[in-house]
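Some notes on the structure that comes next.
The values are calculated or read from the model by the stated rules, or taken from the named source; none is laboratory data. Small disclaimer: the values here were computed from a predicted structure and weren't measured. All Cβ positions, glycine included, derive from the backbone under ideal geometry; neighbour counts span all protein chains shown. Accessible surface is based on the protein model in full, side chains and every heavy atom, while ligands, DNA and RNA are left aside. Shrake-Rupley method; radii C 1.70, N 1.55, O 1.52, S 1.80 Å.
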Protein chains: 2
Amino acid sequence: MTKYQRIVLASRPRGAVVPENFRLEEAEVPALAEGQLLVRNHYLSLDPYMRGRMSEAKSYAVPQPLDETMIGGTVGEVVESRHPGFAVGEFVAGMFGWAEMGVSGGAGLRKVDTGAIPASAHLGVVGMPGMTAWYGMHEILRPALGETVVVSAASGAVGSAVGQLAKLAGCRAVGIAGGRAKCDYVVQELGFDACVDYKAGNLKADLAAATPDGIDAIFENVGGEVFDTALGRTNAFARVALCGLLAGYTGAEIPIRNAKKLLLSRIMLRGFIVTEHMDMWPQGLSDMGRLVAAGKLKYRESISQGLASAPDALIGLLQGRNFGKQLVKLI
Amino acid sequence: MTKYQRIVLASRPRGAVVPENFRLEEAEVPALAEGQLLVRNHYLSLDPYMRGRMSEAKSYAVPQPLDETMIGGTVGEVVESRHPGFAVGEFVAGMFGWAEMGVSGGAGLRKVDTGAIPASAHLGVVGMPGMTAWYGMHEILRPALGETVVVSAASGAVGSAVGQLAKLAGCRAVGIAGGRAKCDYVVQELGFDACVDYKAGNLKADLAAATPDGIDAIFENVGGEVFDTALGRTNAFARVALCGLLAGYTGAEIPIRNAKKLLLSRIMLRGFIVTEHMDMWPQGLSDMGRLVAAGKLKYRESISQGLASAPDALIGLLQGRNFGKQLVKLI
């Protein structure tokens, strides 16, 4: 292989992301310098944060530059190495982006064990989404035995891990998701105590029925009406881990109408970005890996085939069409 | 004296509080049982939380009952005692409400030193409002040297203490208040670095000019547009102590329009009620008392004369007409 494919950001979206925002290109595989390694990516991770990077608006991160390889987490195999710390055949998780191959000096790469844990899981439940769930639960929500934990986007990569961690902590786990199929999965396969289908049109009443003792902790991925409704059910001293605001990714305003409840329930809310807490990753990934290997954490993947499928897969993810962790299989 | 005056809640306000919501009554001074003491109140404290109690709406506290003495903090002198722990002539702070006298079994009373600190200050900067400022600063905002702290209702009992504590901690203290006179007071007499007059019509630009390095900590007493504007200036990892939402006390909806900023700035926000943290009061009151006695904490009082003036004084407080801690002098 002397050439590989990659996808660059061709233009910034106005509102919803469209396929024309991306461009597939061919690139030369570069010759390695001393201290570098070449990785052939097996899986590309698609995640909601990508929508934020595509905009020029001020965010916590620099925007994705135009005409450069789209950012993204990857897992792949070392196929050539001039780096003493990495051998051909080893698997590494990194940030090579929407590309079939990547060259690195080794910084930021994480060797992964593909024995007990499948390679793809290192982009999901034992990767960034899993760490996000773990960090929010351990460092912000810290639910006590018997408390009620509510998580939105419950069938997603982060949400599904949050609810299962809540169950393992002896809590009542209640999900919010879009559609009957996702809710059934969350309850029947992941073991949540209940799941509310926000598309069914009775969000407030259904959430009240699912949380008879109120809500003690909210893991928020969506924002907007879903978050306001959950806020309305909070008990005194509830905690909120604010992880994402999917409802606002298209630029829509998503006010918190129930602001008074923040005071009335004496809420502690914290917004967080898990990549700013890399010091916690070894502990968190070790915990999550152990649970996956022991069969105590289940996960589901939506896998689209081939790099060229990535734009449509991301658009689907942003519309909630995926079911579980969204990946692109490159090999 | 065999009779005393008190004010009861006659009806619940619909929207703004009106004088007709109250009724002045005469009551018999009861005979003391063994273990009781009789206090003649010198000062009654008026505070924004009273508006919340006047409503029947679910809150963190039970509503003020109709036809009973309005709730309120008081400081007064023991005039008769059958309690071994209290002697005639001692001063106590308590919650005797809108009444000239009160009988107590001693629980919840706090003996106060009126030597180095005037009696009225035990209802203000060395009382509940001062504790509120102290708790928010010490337990939630914890500003580091050189950080910018913004406080709304800056000339009020809580806000004025917050800004001065921020200065003592080596921070840039920026107030938000209504009107030129209050802002001048906050800067010239209390030593804040800047104060923005939200009534001047340029809140956003004026706050930007007053916070050139952004905002690291917000002590929020008001909510609504004032809070949204401050949120818009937050730096990464800013903290918010949510103490009151004056803007919403009349029942108006006060959405947080800038919800995305909670995530973008990775904000830690906590709503709190200082009376739920009584374990911290001894340390806080000792700190605040020492600062007042040493002349390092200034405060201002708005004193209205006589129990009958309390309803108008509370209405004025809720409209921002007071200037400093609002008290009613009963003797």
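So here's what we get for this one:
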{"quantity": "Test: B:ALA144 is out of contact with any strand residue (DSSP E or B) (no Cβ under 7 Å at 6 or more places or on another chain) and under 19 Å from B:VAL240 (Cβ atoms)", "calculated": "yes"}
{"quantity": "Some residue of segment B:75-85 being closer than 27 Å to B:MET54 by Cβ and either in contact with a Ser or Thr (Cβ under 8 Å, 6 or more places away or on another chain) or buried (at least 17 other Cβ atoms within 10 Å of the Cβ) (or both)", "calculated": "yes"}
{"quantity": "Every residue from segment A:219-259 that is within 8 Å of another protein chain (Cβ to nearest Cβ), at pLDDT 90 or above and over 26 Å from the mean Cα position of the chain (by Cα)", "calculated": "A:ALA236"}
{"quantity": "Count - residues of segment A:260-284 that are within 18 Å of B:ILE267 (Cα to Cα), more than 9 Å from chain B (Cβ to nearest Cβ) and hydrophobic (A, V, I, L, M, F, W, C)", "calculated": "1"}
{"quantity": "Residue match in segment B:41-48 (condition: of a type in the set (Phe, Trp, Tyr), in contact (Cβ under 8 Å) with a residue 60 or more places away in the chain, under 21 Å from B:GLU276 (Cα atoms) and open to solvent by 20 Å² or more (accessible area, probe 1.4 Å))", "calculated": "no"}
{"quantity": "Tally of residues being in contact (Cβ under 8 Å) with a residue 40 or more places away in the chain and either over 22 Å from B:LYS167 (Cβ atoms) or out of contact with any helix residue (DSSP H, G or I) (no Cβ under 8 Å at 6 or more places or on another chain) (or both) across segment B:241-250", "calculated": "3"}
{"quantity": "Members of segment A:117-168 found to be of a type in the set (Val, Ile, Thr), over 21 Å from A:PHE323 (Cβ atoms) and in contact with a Phe, Trp or Tyr (Cβ under 9 Å, 6 or more places away or on another chain), listed by number", "calculated": "A:ILE140, A:VAL149"}
{"quantity": "Count of segment B:192-222 residues which are at positive phi and free of Cβ contacts under 8 Å to residues at least 40 places away in the same chain", "calculated": "1"}
{"quantity": "Which listed residue is open to solvent by 10 Å² or more (accessible area, probe 1.4 Å) and farther than 12 Å from B:VAL39 by Cα, from B:GLY108, B:GLY89", "calculated": "B:GLY108"}
{"quantity": "Residue match in segment B:116-138 (condition: open to solvent by 10 Å² or more (accessible area, probe 1.4 Å), within 22 Å of A:MET268 (Cβ to Cβ) and assigned to a loop (DSSP other than H, G, I, E, B))", "calculated": "no"}
{"quantity": "Residue check for B:ALA144: outside the structural domain of B:ARG110 (by TED's automatic domain parsing), in a loop (DSSP other than H, G, I, E, B), open to solvent by 10 Å² or more (accessible area, probe 1.4 Å) and of a type in the set (A, V, I, L, M)", "calculated": "yes"}
